Amino acid sequence: MTRIKSQLSLKQLFWITFAVLLAVLPQAYRLPMWFLPMTALVVGYRFYAQINQLKRAYNRILIMVAIVALIMIIYSQGFGLSREISVTILITMTVLKLLETYAMRDALLVVMLCYFVTMTRFLYSQDLLLVLYLFGSAFVTTHALAVLNFQRNEKWFDRKQINSTAGSLALAIPFAVLFFLVFPRLGSPIWGSPDIFGEGKTGISDSMSPGSIIELFMDDSPAFRVTFKNDKKPTNNQLYWRGPVLWNFDGRTWSREKQNSTRKTIRQYQPEQVIDYQIELESTGQNYMFGLDYIVDAPKGAFLLPDSMLYAPVKINQLRHYELQSLLLDRFYSPLSDKNETLLLNFPEQQNLKTQALIETWQQDSADPIDIVNRALNHFNQEPFFYSYTPPALEGDVIDAFLFESKRGFCEHYASTFTIMMRMAGIPARVVTGYQGGVDNGDYLLVKQSDAHAWSEVYIQEEDSGYWLRVDPTSMVAPERVEMGSRQIMDQKRNIIDYEWLINFKESMDKYRYQWNQWVRDFNVSKQEALFRAIGIDHRDGKTLALMLAGILMMTILLSLIPIWWIKRKKYHDLQKIYLQLIHLFRKQEVLYGYRTQGIEKFVHKLITLYPNIEVQANHFLKLYLNARYSVNPSHNQQTLAQLNNSLQKIKSLLKEQHAL
Amino acid sequence: MLNNQTDKKTNHPLSDTAMIQNIIDHIGHKILDKEQQITIILAALIAGGHVLVEDLPGLGKTTLATAIAQTFGMDYNRIQLTSDMMPSDVLGVSIYDAPSQTFSYHKGPIFTQFLLADELNRATPKTQSALLEAMAENQISMDGETYPLDAIFFVMATQNPIDEAGTYSLPQSQLDRFLVSLSLGYPDHASERKLYGSEYLQTFNKPLQALASPEQLSQWQSKAKLIHANDEVLDYLQLLIQKTRNHSQIQHGLSPRAGLSLFKLAQGLAFIADRTFITPADIQRAFFPVSRHRLTTVDGSSAGDIIESIIHDTPII
């Protein structure tokens, strides 16, 4: 290829570059560090070259640049054919392509690449805000295409042209909806799950070490959404969303205990005690799911572990909906094996001796577990303990340090300290993590990451059986946390952008996101099947799918032809209509009708050759017609039209006499 | 008297159209079955353009030329071009006149009203271009003097498409000087039989009676120039011209000059059809003779089919 100067106008280059930037920027955060400087350099150089009318760089230089970029990608992201690297290469090369975009052909290619890059963003997330952004990106890309094809003027923002882009995109909406509804859906996404690579918040993890929950307090993104059935909404202090149950403590970190059996379904309960609800869980990339204490039975595709934790064998890598029933109780009857009892009494005996001494004094007053539990709770309540997001870091014997020195902390500290205290007193105890509360957000309850919470469960042995009792020591220090929700105790700003209006805005956005999830993201195989059944298609086997696809494609082609026809449709004036009427008389006679490129004179002459008896009338008609249409002063007023029509009728009747029609 | 034709019954002078129709019939007695070509040539004559006839020998090119010249009562010259002809053989020569001690210009055969340039492609490029230049400028420049040609100056050149040896085919730029090109082709079966009959031989040997005068022709020429085309027709004309430019099988599309030629010839045809305006049918009829010699196809084949297909693919409703 020769070195050419740019064949594009500055306006065209601007729109192409704009489209490229909008398409690649939302992915910049997961691209290598050098990506943004490289993009700035490429765009800067290209505009410099355009303004100074430089020729395109030598091919060997462009190839070198591409190779260097490829090496840098491999250096930053490793070598392999993963989605990650494929997308990075696609995006990087799209940006670099600007360097050689001097001709129309390359420009069109860049625009097509932009559409493709925009779509790859959906591999990572399908959130509503992102979709809105990508709509904007697709709009700009389409406009770039329009500017490439119809350079109307040099005005960079030509409102008329922008409107026409909007119009053509609007025409695409019905097709998008149609394809969305009927395009065959796979049971699981074909290229792995959309959220696996990152956007899904991990949220609560299955271990708890100092500071792990505090990160969640900063995060207002949704954890899950709950819809209660029959308008039975529990009060805030009943909303304990059970997540991972932590058994083991190594002096610093709490972790789970592996369990190989499942918990039984609760069978005996009063129907009015039970509460029905549906949860829409954002992807976490983890196995556990959440439910209100205590869950009656596991939903489809999940089971209950013996510690009542809801567990999904397949990781939650996309939005998941499930229905649950719960009994809003603070205790749960269940036997405890000796082995588990030993585990739940474990604590580092050489540490926290001051606490151990304190517990011993309590035990001397009363050995009854319930008394000790109340004693401990009272201790938190009476002593000057404070709820704080910014507790001092604790060293060494963390329980002692917390209980006797700092006395400041949040749920994590209280739950952890309380659980160890119970174990010291010989009461089996464990930490339960999850969420507490939630925000009423219209039709549903929004549970955010900042609602993360930790509490305790102690096992109370009765004569023939025993039960787990939920104890939340945090409620002794900051009762408003459980009564009113986590927002109540956020009296200080969590970070510099922690404004009330921003939280409110996020919550109202979430309402739309909820609808989006309900109607779009969660439109899965079963919902599609239901839709198909509604229109009378019962089976989604291969043959039906193939037929449907073929049908959809046919329909799309047909439907796309309608606007084309509408745009291209000729608007005929009166004289043309008369000619068309004449041709139409002979629509069945191929010799005459044939093509519409012969013109009226040829047509009438052919007609006269075939039907000599109309010669006089036909020539009269032709003369009138030609005069009316092509003469120096064309006059097709009503009178001429009437004459023409009259003559046409005469020709018609003459032909009818001859049975020519 | 300009109008020397009268209606035999009423003795009124005939209308222009009727006269032209008479002329066409008149020439048709000599050149059988070639009414269309005669019409095109007359239209070119009225439009003030020159004609290139490409055909095999013996198909009546010379006869046609003579018939037209005779019918219009024009001065008629014929030059048979050969490769040893010099420009002076066509244009004339300045000769030193000893008694008066001056150069005097002796006019060549080009100083006439109707020039038949037979086998133009046999002449050397030098001679060809001298002739064509004179055609374009309607005057001769020699030794610093210009000598105007007659106001009515019509060239009919012939070319033999076979017999390539020893010919200099005309370059594209020279071909453009001809308003139209056409070929006569073989006569049809019945006409050819008539041609061999003794009756025809008698007509053939008699010179044709003049039905019009050069003055009459020049009057028609100025009338034809006034013929009008409205936007719709001009759009159609332009569309046809444009289609030759985007056609995959055509090397170079038609120039705006070709477009003007198309317009002129259509004026001539409209005049013959007794109209004061051009219709799309005029354009269609004019398109083939105007563009045939101006278009070269990519593979060197005849442009005729492509021209037909362009008309066939251009809607006119």
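Every read-out reported here was derived from the displayed coordinates using simple, explicitly stated rules and does not represent laboratory data. In this text, all values refer to a predicted model and were calculated from it rather than measured experimentally. A quick note on method: Cβ atoms are made from the backbone with ideal geometry, for glycine too, and the neighbour counts reach across all protein chains shown.
Using only alpha-carbon positions in chain B, the gyration tensor eigenvalues give semi-axes of 30, 27, 22 Å once each is multiplied by 5 and square-rooted (largest first).
Once both labels are positioned 7 Å from their Cα atoms along Cα-to-Cβ, the gap between A:S366 and A:R569 label points is 8.8 nm.
Under the combined filter of DSSP loop state and at most 11 neighbouring Cβ atoms within 10 Å, the stretch A:284-325 retains these trypsin sites (Lys or Arg not before Pro): A:K300. Working note: 222 nm ellipticity from helices only, DSSP H runs with n ≥ 4, each -39,500 (n - 2.57), summed and divided by the residues of the protein assembly as shown, gives -14500 deg cm²/dmol to the nearest 500.
For the protein assembly as shown, what log10 I(q)/I(0) values come out of the Debye formula at q = 0.04, 0.05, 0.09, 0.10 1/Å, with one point per alpha carbon and no solvent? Normalising to I(0) and taking log10 leaves -0.44, -0.59, -1.09, -1.22. Taking all Cα pairs closer than 8 Å and separated by 6 or more residues, the relative contact order of the stretch A:1-143 comes to 41 percent. Could you tell me which residue out of B:T279, B:I38, B:T297 lies farthest along the dipole of chain B toward its positive end? Charges go on the beta carbon: Lys and Arg +1, Asp and Glu -1, centred on the Cα centre. Final value for the positive-end residue is B:T279. Based on C-alpha pairs under 8 angstrom that are at least 6 apart in sequence, chain A has a relative contact order of 11 percent. Computed on chain B, with alpha-carbon pairs under 8 angstrom and 6+ residues apart, the relative contact order is 23 percent. The region of chain B that goes longest without hitting one of the trypsin sites (Lys or Arg not before Pro) in a DSSP loop, each with at most 16 other Cβ atoms within 10 Å, is B:10-224. Positive-end ranking of A:V140, A:I67, A:Q77 along the dipole of the stretch A:10-151, with charges on Cβ about the Cα centre, is headed by A:I67. Dipole magnitude for the stretch A:574-657: computed about the Cα centre from +1 point charges on Lys and Arg Cβ and -1 point charges on Asp and Glu Cβ, it is near 160 debye. About its Cα centre, the dipole of the protein assembly as shown is roughly 2880 debye, where the only charges are +1 on Lys and Arg Cβ and -1 on Asp and Glu Cβ.
The order of A:W455, A:W501, A:W34, going from fewest to most other C-beta atoms within 10 Å of their C-beta, is A:W501, A:W34, A:W455. Between A:K354 and A:E480, residue separation times 0.36 nm minus the direct Cα-Cα distance comes to 42.3 nm.
Counting, for every residue in A:624-632, the Cβ atoms of other protein chains within 10 Å of its Cβ and taking the mean gives 5. Each of A:K229, A:K652 was scored by other Cβ atoms within 10 Å of its Cβ. Arranged with the fewest first, they read A:K229, A:K652. Length gained on full extension, A:V616 to A:L132: 167.3 nm, using 0.36 nm per residue less the C-alpha separation.
Once each of the GluC sites (Glu not before Pro) sitting in a DSSP loop with at most 13 other beta-carbon atoms within 10 Å is removed, chain A keeps A:464-661 as its longest stretch.
Counting only Cβ charges, +1 for Lys and Arg and -1 for Asp and Glu, the dipole size of the stretch A:322-447 around its Cα centre is about 80 debye.
Of the chymotrypsin sites (Phe, Trp or Tyr not before Pro) found in the stretch A:403-453, none is in coil by DSSP with at most 15 other Cβ atoms within 10 Å of its Cβ.
Modelled this way, with points 7 Å down the Cα-to-C-beta line, the labels at A:Y29 and B:K206 are 10.4 nm from one another.
Among the residues of B:309-315, the average count of other protein chain beta-carbon atoms within 10 Å of the residue beta-carbon is 3.
With Cα atoms as the point set, the stretch B:165-317 shows a radius of gyration and Dmax of 18.7, 53 Å. With springs only between Cα atoms under 10 Å apart, run a GNM on chain B and tell me which of B:Y105, B:Y196, B:Y168 wobbles the most. Among B:Y105, B:Y196, B:Y168, the largest GNM mean-square fluctuation belongs to B:Y196. Considering every pair of different Cα atoms, what Kirkwood radius, in Å, is found for the stretch A:574-657? Evaluated on the stretch A:574-657, it is 13.0 Å. The residue among A:Q617, A:V632, A:S653 whose Cα reaches farthest toward the positive pole of the charge dipole of the stretch A:574-657, with charges on the beta-carbon of Lys, Arg, Asp and Glu, is A:S653.
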